[in-house]
1. Would you pull out the residues with amide H under 5 Å of B:VAL54's amide H, same chain only if 5 or more places away, H placed 1.01 Å from N?
2. Between A:ASN217 and A:PHE50, what is the label-point separation in nm under the 7 Å Cα-to-beta-carbon projection?
3. What is the ratio of the Cα radius of gyration of region A:80-276 to 2.2 N^0.38 Å, where N is its residue count, to two decimals?
4. Rounded to whole Å and sorted largest first, what semi-axes of the equivalent ellipsoid does the C-alpha gyration tensor of the protein assembly as shown yield via the square root of 5 times each eigenvalue?
5. Explain nothing, just compute: Karplus ³J(HN,Hα) = 6.51 cos²θ - 1.76 cosθ + 1.60, θ = phi - 60°, for every residue of region A:158-168 in order, whole Hz, x for Gly and Pro.
6. Which order do the peptides B:213-221, B:52-60 take when ranked by the mean count of other beta-carbon atoms within 10 Å per residue, highest first?
7. If you fit an axis through the alpha-carbon atoms of helix A:218-228 and take the longest principal axis of the Cα set of chain A, what angle between them do you get, 0 to 90°, nearest 10?
8. Using 1/(1 + (r/R0)^6) with R0 = 45 angstrom and r between the beta carbons of A:ALA196 and A:ALA43, what's the FRET efficiency to the nearest 0.05?
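The values are calculated or read from the model by the stated rules, or taken from the named source; none is laboratory data. Remember, it's a predicted structure, so these values are computed and weren't measured experimentally. Cβ atoms come from the backbone with ideal geometry, glycine included; neighbour counts cover every protein chain shown. Just the protein is used for accessible areas: all its heavy atoms, side chains included, with ligands, DNA and RNA removed. Shrake-Rupley method; radii C 1.70, N 1.55, O 1.52, S 1.80 Å.
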Amino acid sequence: MGDEPITELHTITTPSQPRARGEAQVTAKARDGASVIASLRQAGSSKLVFPRGGAGLQAVLVNTAGGITGGDRFALSATAGPDTQLTLTTQAAERAYGAQPGETGRVTNRLRVSEGAQLNWLPQETILFENSCVRRDMKVDLHETARFMFVESLVLGRVAMGETLHNAAFHDRVEIRRAGALIFADAMALSGDVSAQMAQAAGGAGALASVILAAPNAEALLTPVRAVLNSTSGASLLAPDLLHLRLLAPDGFGLRQTLLPALRLLSHGPLPRTWMI
Amino acid sequence: MAAPTATTIPTSTGRSPMTTDATLTLAQWFSPAYPVGAFAYSHGLETAIEGGLVHDAESLRAWITPVLTHGSGRNDALFLAAAFHGDPAQADDLCRAFASSAERVMETTQQGAAFAATTRAIWPIDLPDYAYPVAVGRAAHLLDLPLELTTQYYLQAFASTLVSVGIRLIPLGQTQGHALIHALSPLCKTIATDTAQGDLDALSGTAFLADIHAMQHETLYSRTFRT
């Protein structure tokens, strides 16, 4: 999972390069007390693999295009059927590569969590490269009795290589509904000199994460999770069954130092093995 | 339509009708005497002052500016304009869901309810207890007030509330504080213009540190402000 040499990056961003398309749909159903695949569809650059072991059904999303660049389209739809447990993660950090001017990569995610079901959305971090341009949209529909855990983390440039973002665009929007009513919405637009924007509004952080837990035990977890957070992160209970965490860190490594203990505490089971590398 | 007794005068840009009644109504709504209780909320600023990050006029300006341009200021302006132009109930749902922490929910809910209760008691309008910017946008629409000026007043009042927190807690001299409010004024005008369409697809919250300060305020040991 080393960083691609610059020559490859140029190949990816040349206009003649075909745009990547990826589409994946998965539904989990309960059978004999276990969660199994009810339906699966995958096309283009999106693949789902299902490692054995662990609680419930685990689906690991693989982007065979190796990243996102301008003009790419990725769509994922996942449904946890009644009384199932479905965990979605990614095989590696998602890389948003430099895009041609005016070209936007689009990522659309739709999650549905049915009666008595639990869905964990635990992708690894998204890394924005200089000149990247991505628009991402997530919509979640929860049944009244559903449990849902969500994390999205963002690393702004390859900090270890001394890269800072002076020209990038990242638009993200998340909407979560329970029984049809909007219970959480968030949106961020980072554009242009992202480093300067973060210096002004985030103490110069190079990585950030959002965590949502929508579950009956959210309130009981507020105090314990606060105990593992640091001075650049916070937790708040938006409703008795809705917990929101926001974390800032200098880089991706620093982010995981705080994020992993928090996720272990909040998750209703072990974290996917991809997170343990 | 303007109230029958009002005198309509053109604005310098000639874009929106403005009445002498309108400016006086806005001056009343955003005066500290209007019982909204804005003085009780620090938006998380108290945490930043307590932690030493904000300690003078310059660091106060550095905390407030991104909140206005990349955080609640700009987003509230969008909610206000969306409620002014369109369906206030829809804007209200999104505004509440968009609050990133419990105290932010309280801040917008309680100020909104207080504003709505007072305003519907004085003016003959049907104004439910919406979140604060939504209640202001709806009331401005019902009373035919000019949108951009309403938003400017709203943002200037928000900036003044935050500067007042600094004056009390840092502490900062009154004159220094008011120089800062004056310096932030053009920003309020720019944001009001940029958000006038009320396009809720343009919502974006990236004042991340201030949002975290608001979360951390919930466990601050000694608190002067409710948020």
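1. Distant-sequence amide H within range of B:VAL54: B:ILE49.
2. With each label placed 7 Å out from Cα toward Cβ, I get 2.6 nm.
3. Values: Rg = 16.6 Å, N = 197, 2.2 N^0.38 = 16.4 Å.
This ratio for region A:80-276 stands at 1.01.
4. Those come to 41, 25, 23 Å.
5. Result, rounded to whole Hz: 7, 4, 4, 9, x, 7, 10, 9, 10, 8, 7.
6. The most tightly packed comes first, giving B:213-221, B:52-60.
7. That helix lies at roughly 50 degrees to the long axis.
8. After rounding to 0.05, the efficiency reads 0.70.
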